[in-house]
Amino acid sequence: MHHHVTNYTASNWSWKTNSPFSQAVEIGDQVFVSGQQALTRDGEIVAPGDIGSQTRSVFENMKAALNSAGLQMSDLVRLNTYYVYDGADEDATEFWEEMTRVRLEYFADPGPAATAVRIKGMPYQGQLIQIEGIALKGNSRSNRKRIMPEGSWDWSIAVPLSQGWEADGRLYVGGQISADENGASVHVGDLSAQTRAIYDFIGNVLKDGGASFEDIAHVKICVKFNSVDTDGTRFLDRILEITKEYCGCNGPTITCFGVDLLYPGLDLEIDAMAFKGRHERASTGTTPEKAHDGSFADSVSASGEIWVGGQVAQDDDGKIMAPGDFAAQSRIVFERLKEALVPLAASLDDVVKLNLFFAAEGEDVSEELHTAMAVWSELAPQSTPAMTPVRVYELSQPGLLFQADCIAIKST
C-alpha cells in the first residue's frame with residue numbers, strides 16, 4: 001500500500017544549525033510529530049532551567065505542529081515525554097507532578113497513551129524537556145478505541161492519559177511501569193517481578209485491543225542505567241530474557257537505552273506498538289552486532305508500516321566499531337538502518353520518523369546532533385522525516401555512542 005506524504009517544516013523554533021528534518025510528517029491517516037524543543041526561532045533556549053516555562057513552550061510547539069496538519073491535541077494517540085531532573089530521587093515525583101500540572105492544561109480527555117522517562121540531558125545545555133507524538137485523522141481517528149484494562153496501575157496524580165489506543169488494527173501501548181492503582185512502586189528491589197508485572201500489563205492492553213504478544217512489532221525498553229541484578233546479571237540482559245518468555249524466540253524489534261525512572265524504586269518502563277494481522281520479520285548481520293542474542297527482528301513490516309529496531313555500531317565479533325569516533329559510528333548506524341529496510345523493499349527515503357539516541361560525557365550533545373544531521377543529509381539527501389534526539393545515560397554496551405531506530409512507510 002502506497003500513501004501520499006506531506007512534510008510540515010514551518011515552526012516557531014529551530015535548531016542552531018540547518019536541519020534536514022521535518023516538524024511533522026503526515027502519511028495516510030497518521031501524523032508523526034518530531035521531538036518539540038523549548039527553543040526560539042534562533043535556536044536559543046527558552047527559560048533555561050525552568051521546567052514549568054519549558055513544558056509550556058514544548059506543548060505550544062506541539063499544538064502548532066498539529067495545527068499545521070489540521071489537527072489538535074485531542075487527536076494524539078501517543079505522547080512520549082523525555083525530561084531532565086538532576087535532584088534527589090525522593091524529590092523526582094514532585095518534579096514530575098510540577099511538570100504535569102502544566103501538561104494537564106494541554107491534555108485532552110481522554111488523552112494519549114504516554115511514556116515519560118528521565119534522561120541524561122537534552123541536545124543543548126539548559127533544556128529540560130521535549131515531547132513527541134503520533135496523531136490520527138480521518139476514519140482511524142473517528143473509530144479509535146481507548147483501552148483502559150481493569151486492574152491496571154495508575155498515576156500518582158489524576159491525569160486523563162490512556163493505557164493504550166486501538167485504531168484500524170494498530171495498537172499504541174503506553175509506557176507500562178510496575179506500580180499500583182495509586183502510582184506507588186511495587187516489587188521494589190525485584191527486577192524480574194517488575195518486568196513480569198509490566199508485561200502482564202502490556203498483555204492486558206493487547207487483550208482488550210483484540211491482539212496478543214505475537215502482534216507486537218516494536219518494544220521500547222527504558223532501563224535503569226548502570227544497574228545489575230542480585231546475581232551480577234546486567235539489568236538489560238535479565239529484561240531481555242523475560243521479554244523472550246512473553247514474545248518467544250521470533251520476537252519483535254527492540255530499542256533499549258539507559259534512563260532514570262519516574263517513581264523511586266522503579267527499574268524499567270516499557271511501551272510497545274502492535275498490529276493485528278500478518279507480520280513480515282527480517283534480520284540482518286550476525287548476533288554479536290546486536291544488543292540481543294538474535295531472538296528479535298531488525299525490522300518488522302505490518303499493515304503497510306516498517307518498524308526498525310535500534311541499530312548500533314558493533315562488528316561480527318561484538319566489538320565496538322570506530323571507538324570514540326561519533327561521526328563514524330553514526331554513519332555505520334544509518335547504513336544499518338538502510339540494510340534493515342532492504343529486505344522489506346524499502347529505503348531511507350521511506351523513513352517518516354527517526355529516533356536518535358546519544359551517549360556522551362560532555363555538557364550536551366549539540367556537536368553530536370549536528371554531526372548526525374550532516375551525515376543523514378549526506379546518506380539520504382531526499383529524506384526529511386520527523387526526528388527526536390534523546391540523550392541517554394548509556395546504550396547496550398560501553399563504548400557505543402549512538403543508536404537509531406525508525407518507522408518507514410512507502411509513499412507514492
Selected from Gly183, Leu66, Tyr82, residue furthest toward positive end of dipole (the chain; charges at beta carbon) = Leu66
Dipole of segment 279-412, Cα-centred, from +1 at each Lys and Arg C-beta and -1 at each Asp and Glu C-beta, to the nearest 20 debye?
-> 380
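Under 8 Å for C-alpha pairs, at least 6 residues apart: give me the relative contact order for segment 279-412, rounded to a whole percent.
32
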Test item: Cα-centred dipole of segment 187-276, Lys/Arg +1 and Asp/Glu -1 on Cβ, debye = 160
HN-Hα J couplings of segment 371-380 from phi, Karplus 6.51/-1.76/1.60, θ = phi - 60°, integer Hz, Gly and Pro as x?
-> 5, 4, 4, 5, 5, 4, 4, 6, 7, 9
Got the relative contact order for segment 113-190 handy, in percent, Cα pairs under 8 Å and 6 or more residues apart?
-> 33
Residue separation between Ser212 and Ala345 times 0.36 nm, minus their alpha-carbon distance, gives in nm 45.2 nm
Given the pairs Lys120/Lys220; Lys137/Lys410; Lys244/Lys276; Lys338/Lys410; Lys224/Lys353, which are separated by over 22 angstrom at their Cα positions?
-> Lys224/Lys353
For Asp298, what is the net charge nearby, where nearby means another residue's Cβ is under 14 Å from its Cβ and Lys, Arg count +1, Asp, Glu -1?
-> -2
Which entry in (1) 39; (2) 54; (3) 34 is this structure's computed percent of Cα pairs over 30 Å apart?
-> (3)
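Calculate the dipole size of segment 1-139 relative to its Cα centre from +1 charges on Lys and Arg beta carbons and -1 charges on Asp and Glu beta carbons; express the result in debye to the nearest 20.
520
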Between beta-carbons, use under 13 Å as the cut-off and find the net charge around Val77, counting Lys and Arg +1, Asp and Glu -1.
-> +1
GNM on the chain, Cα springs under 10 Å; top mean-square fluctuation among Pro323, Pro385, Pro112 goes to Pro323
Nitroxide proxy distance, nm - points 7 Å out along Cα→Cβ at Ala184 and Thr230 | 2.1
Backbone HN-Hα couplings from phi across segment 135-150 [Karplus 6.51/-1.76/1.60, Hz, Gly and Pro as x] = 10, 10, 9, x, 5, 4, 5, 5, 9, 5, 10, 6, 10, 9, x, 5
Cut-off 18 Å (backbone N to label point 7 Å along Cα→Cβ of Asp315), residues of segment 387-412 | 397-402
Taking a label point 7 Å from the Cα of Glu367 along the Cα→Cβ vector, which residues of segment 388-403 have an amide N closer than 16 Å to it?
-> 401-402
Only helical DSSP H runs with n ≥ 4 go in: add -39500 (n - 2.57) per run for the chain, normalise by residue count and round the 222 nm mean residue ellipticity to 500 deg cm²/dmol.
-> -7500 deg cm²/dmol
Most mobile of Arg278, Arg336, Arg101 in a GNM of the chain (Cα contacts under 10 Å) = Arg278
Where GluC sites (Glu not before Pro) fall in DSSP loop in segment 59-146, at most 13 other Cβ within 10 Å = Glu105
Length added when fully stretched, Asp109-Thr286, from 0.36 nm per residue minus Cα-Cα = 59.1 nm
Points 7 angstrom from Cα along the Cβ direction at Ser192 and Asn67: gap in nanometres?
-> 5.3
Sequence-distant residues sharing a close amide H with Gln36 (under 5 Å, placed H) | Ile131, Glu132
Could you please report the charge total around Ile131, scoring K, R as +1 and D, E as -1 over all other residues with beta-carbon less than 12 angstrom from its beta-carbon?
-> +2
Stretched fully, the stretch from Asp86 through Asn12 gains (0.36 nm per residue minus C-alpha distance, one decimal, in nm) 23.8 nm
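The numbers here are math on the coordinates, done by the rules we state, and not lab data. Note that this is a predicted model, so its numbers are computed, not measured. With ideal geometry, Cβ positions are generated from the backbone for all residues, glycine too; neighbour counts draw on all protein chains shown.
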